[in-house]
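**Student:** Here it is: the structure, laid out below.
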Amino acid sequence: QVQLVESGGGLVQTGGSLRLSCAASDSATIIRIDHMAWYRQAPEKQRDLVASITASGFANYADSVKGRFTISRDNAKKMVYLQMNSLKPEDTAVYYCQARLLATTGSGDFWGPGTQVTVSS
C-alpha cells in the first residue's frame with residue numbers, strides 16, 4: 001500500500017527558510033505519479049493548495065507564496081520538495097503532501113500525515 005511521509009517542518013523565525021520533503025513508500029508498487037502537490041491547513045481554516053507540479057514539470061503556486069516557495073520533484077526517487085524562503089507568520093500551518101498516482105493496487109489521490117511549520121513573529 002502506498003504511503004506518503006512528509007519531513008522538514010519545524011519552528012523558524014520570520015524571514016527564515018525550510019525545505020519540506022515528501023517520500024512515497026512502497027515505490028515498487030508505483031507505476032507512475034501523475035502530479036504532486038503541497039497543501040497546508042492552519043488552525044480553524046480549510047486545507048488550501050500551496051503548490052503543485054505536473055509530471056511534465058509545470059508548476060502552479062498560490063498567490064500568497066509566489067516568489068517565495070519553489071516546488072520540485074525527483075521522478076527517479078519518487079519525491080517532491082517544497083523550498084520555502086522568506087517565511088512569514090501567516091505561513092504557519094500543517095503542510096500536507098499529495099500525490100495523484102497509479103499503483104499496482106489501484107489509483108487515486110494519496111496524502112501524507114502532514115508536517116508542522118511554525119513561523120514566529
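**Student:** Being under 19 Å from Ser120 (Cβ atoms) and surrounded by 15 or more Cβ atoms within 10 Å (Cβ to Cβ) is the filter here; which residues of region 1-15 pass it? Walk me through it before giving the result.
**Tutor:** So in region 1-15, the residues under 19 Å from Ser120 (Cβ atoms) come out as 8-15.
Gly8, Gly9, Val12 - these are the residues of region 1-15 that are under 19 Å from Ser120 (Cβ atoms) and surrounded by 15 or more Cβ atoms within 10 Å (Cβ to Cβ).
**Student:** Only one of (1) over 17 Å from Leu4 (Cβ atoms); (2) over 11 Å from the mean Cα position of the chain (by Cα) fails for Gln83. Which number is that?
**Tutor:** Gln83 satisfies all of (1) over 17 Å from Leu4 (Cβ atoms); (2) over 11 Å from the mean Cα position of the chain (by Cα) except (2).
**Student:** Let me ask something else about it. Which condition number in (1) under 10 Å from the mean Cα position of the chain (by Cα); (2) farther than 20 Å from Gln1 by Cβ is the one that Gly114 fails?
**Tutor:** (2)
**Student:** Would you point out the residue of region 77-121, among those that are among the charged types (D, E, K, R) and more than 17 Å from Ala23 (Cβ to Cβ), that is least open to solvent (accessible area, probe 1.4 Å)? Let's see the steps before the verdict.
**Tutor:** Within region 77-121, the subset among the charged types (D, E, K, R) is 77-78, 88, 90-91, 100, 109.
The next check asks that each one be more than 17 Å from Ala23 (Cβ to Cβ); those that pass are 88, 90-91.
Working: Lys88: 82, Glu90: 126, Asp91: 1 Å².
Looking at the filtered set, the residue picked out is Asp91.
**Student:** Look through Asp63, Asp26, Asp48 and report the one residue that is more than 18 Å from Asp109 (Cα to Cα) and charged (D, E, K, R). Give the derivation first.
**Tutor:** Working: Asp26 fails: more than 18 Å from Asp109 (Cα to Cα); Asp48 fails: more than 18 Å from Asp109 (Cα to Cα).
Within the list Asp63, Asp26, Asp48, the selection yields Asp63.
**Student:** Still on this structure, I have one more. Within region 20-76, track down each residue that is of a type in the set (A, V, I, L, M) and surrounded by fewer than 19 Cβ atoms within 10 Å (Cβ to Cβ).
**Tutor:** Filtering region 20-76 for residues of a type in the set (A, V, I, L, M) gives 20, 23-24, 28, 30-31, 33, 36-37, 42, 49-51, 53, 55, 59, 62, 65, 71, 76.
Selection gives Ala23, Ala28, Ile30, Ile31, Ala42, Leu49, Ala55, Ala59, Ala62, Ala76.
**Student:** If I go through region 1-19 residue by residue, how many of them are within 15 Å of Gln83 (Cβ to Cβ), assigned to a strand (DSSP E or B) and more than 14 Å from the chain's Cα centre (by Cα)? Steps first, answer last, please.
**Tutor:** In the first step, residues of region 1-19 are kept if they are within 15 Å of Gln83 (Cβ to Cβ); the result is 6-10, 12, 15-19.
Imposing the further condition that a residue be assigned to a strand (DSSP E or B) reduces the set to 6-7, 10, 12, 18-19.
Then keep just the ones that are more than 14 Å from the chain's Cα centre (by Cα); that gives 10, 12.
Here the count works out to 2.
**Student:** Which of the residues belonging to region 20-32 are touching a residue at least 60 places away in the same chain (Cβ under 8 Å) and either small (Gly, Ala, Ser) or not in a strand (DSSP E or B) (or both)?
**Tutor:** Filtering region 20-32 down to residues touching a residue at least 60 places away in the same chain (Cβ under 8 Å) leaves 20-22, 24, 26, 29-32.
Of everything in region 20-32, those that are touching a residue at least 60 places away in the same chain (Cβ under 8 Å) and either small (Gly, Ala, Ser) or not in a strand (DSSP E or B) (or both) turn out to be Ser21, Ala24, Asp26, Thr29.
The values are calculated or read from the model by the stated rules, or taken from the named source; none is laboratory data. Quick caveat, the model's predicted, so the values are computed rather than measured. FYI the Cβ positions are ideal-geometry reconstructions off the backbone, even for glycines, and counts take in every protein chain you see. The accessibility values were calculated without ligands, DNA or RNA, using every heavy atom of the protein model including side chains. Shrake-Rupley method; radii C 1.70, N 1.55, O 1.52, S 1.80 Å.
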